[in-house]
1. Within region 44-58, can one find any residue that is loosely packed, with under 14 Cβ neighbours inside 10 Å and free of Cβ contacts under 8 Å to residues at least 24 places away in the same chain?
2. So which residues in region 68-83 are part of a strand (DSSP E or B) and free of Cβ contacts under 8 Å to residues at least 40 places away in the same chain, if there are any at all?
3. Among (1) in contact with a strand residue (DSSP E or B) (Cβ under 9 Å, 6 or more places away or on another chain); (2) within 15 Å of residue 102 (Cβ to Cβ); (3) surrounded by fewer than 20 Cβ atoms within 10 Å (Cβ to Cβ), where does residue 9 come up short?
4. For region 193-208, name all the residues that are in a loop (DSSP other than H, G, I, E, B) and buried (at least 21 other Cβ atoms within 10 Å of the Cβ).
5. Given the structure, is residue 65 under 30 Å from residue 192 (Cα atoms) and in contact with a strand residue (DSSP E or B) (Cβ under 8 Å, 6 or more places away or on another chain)?
6. If you go through region 45-67 one residue at a time, do you hit one that is in a helix (DSSP H, G or I), farther than 18 Å from residue 117 by Cβ, assigned by TED's automatic domain parsing to the domain that holds residue 112 and over 20 Å from the mean Cα position of the chain (by Cα)?
7. Does residue 27 satisfy the condition of being over 15 Å from residue 98 (Cβ atoms), at pLDDT 95 or above and either crowded, with 23+ Cβ neighbours inside 10 Å or under 19 Å from the mean Cα position of the chain (by Cα) (or both)?
């Protein structure tokens, strides 16, 4: 199944380059928006699988556009593509519901892969962003030593923190992908997390998992 993508960036040359690259890799670029307001309107009209969203745009910035899209169209995924890998920008994007976080120095192959991953429920994050965000979290004191998740859930969390997909977690722990999904649902509830990235961030802060 082809992934339907809406591009949102105020630089036309970048949009055109992304369109060519993504279409060459089999993705279906259904539209291009030049600002955040246009991105919302086109998302409502076109109902893409995922919006590739720049942060700094005129009329309405990408973070606010992401918030409105996620509120109005919860089935539409949003992957933020930014030149700024700072914690503040990414924290804002996380809070409003962005599903993935990439910096513009990544390759077109990495972007295409991220767009494919996000529609399967995974949360692609550029290594540069993950390192920056998680380093900040690691600097915080642990919440406490009490046991929050089960031993098996801790193993699942550690593998997710190591960058494994659900299929890879299942293979390594000799369990089914459905069981992995059930463990993740339990983890999200226990850690009050929305997705994998949020769960890993909180697990690192609580000392449940560590980064390699």
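The values are calculated or read from the model by the stated rules, or taken from the named source; none is laboratory data. The structure presented is a predicted model; accordingly, all values stated were derived computationally and were not measured. Note: ideal-geometry Cβ built from the backbone for every residue, glycine included; neighbour counts use all protein chains shown.
1. yes
2. Residues satisfying the conditions are 78, 80, 82.
3. In the conditions (1) in contact with a strand residue (DSSP E or B) (Cβ under 9 Å, 6 or more places away or on another chain); (2) within 15 Å of residue 102 (Cβ to Cβ); (3) surrounded by fewer than 20 Cβ atoms within 10 Å (Cβ to Cβ), residue 9 misses (3) alone.
4. Within region 193-208, just 208 meets the criteria.
5. yes
6. Yes; the residues of region 45-67 include at least one that is in a helix (DSSP H, G or I), farther than 18 Å from residue 117 by Cβ, assigned by TED's automatic domain parsing to the domain that holds residue 112 and over 20 Å from the mean Cα position of the chain (by Cα).
7. For residue 27, the condition - over 15 Å from residue 98 (Cβ atoms), at pLDDT 95 or above and either crowded, with 23+ Cβ neighbours inside 10 Å or under 19 Å from the mean Cα position of the chain (by Cα) (or both) - is met.
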